[in-house]
Amino acid sequence: MAILFFSLRGVPADEIEDVRQLLIDNDIDFYETSAGTWGTSLPAIWLYRDQDRQLADDLFEHYQTQRALTQRAHYQALKNSGEAAGFWRHNLARPLRFIALSVLVALVGFISLIWLFELGL
């Protein structure tokens with residue numbers, strides 16, 4: 001029976017490639033499933049043998065620890081150099097989208113609150 005090892009939904013391509021290489025380097029047999037035509041299936045990496053699960057989990061845990069450290073260091077370097085986009089810089093890059101979403105949030109808030117005031121609460 002196949003064992004779900006790693007869901008690929010929302011995972012960056014470089015991390016997927018790293019996990020594939022990690023399994024290949026350690027002779028762990030696996031296969032992948034895609035999200036399908038409409039994206040409704042589960043994209044994932046599956047293991048063939050239950051015996052490989054513990055080794056794969058240990059390797060993956062070590063990999064995730066190392067990746068977290070390198071990604072934090074990368075983000076800190078971007079932040080120190082001023083290249084990391086904060087809230088305002090991110091939204092100023094697409095001002096029309098920011099304005100439209102702000103108006104939408106305000107409209108939803110207004111409609112939600114108007115009912116309370118009309119009911120006298």
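The values are calculated or read from the model by the stated rules, or taken from the named source; none is laboratory data. The structure displayed is predicted, hence computed values, not measured ones. Here the Cβ is made from the backbone with ideal geometry for all residues, glycine too, and neighbour counts use every protein chain on show.
Among the conditions (1) out of contact with any Pro (no Cβ under 8 Å at 6 or more places or on another chain); (2) surrounded by 10 or more Cβ atoms within 10 Å (Cβ to Cβ); (3) among the polar types (S, T, N, Q), the only one that Ser81 does not satisfy is (2).
In the set (1) surrounded by fewer than 12 Cβ atoms within 10 Å (Cβ to Cβ); (2) in a helix (DSSP H, G or I); (3) under 19 Å from the mean Cα position of the chain (by Cα), the condition left unmet by Arg67 is number (1). The set of residues in segment 43-59 that are assigned to a loop (DSSP other than H, G, I, E, B) and either closer than 19 Å to Ala13 by Cα or not assigned by TED's automatic domain parsing to the domain that holds Glu15 (or both) contains only Pro43.
Filter segment 1-42 down to the residues that are small (Gly, Ala, Ser) and in a loop (DSSP other than H, G, I, E, B), then identify the one that is surrounded by the fewest Cβ atoms within 10 Å (Cβ to Cβ). Looking at residues that are small (Gly, Ala, Ser) and in a loop (DSSP other than H, G, I, E, B), I get Gly10.
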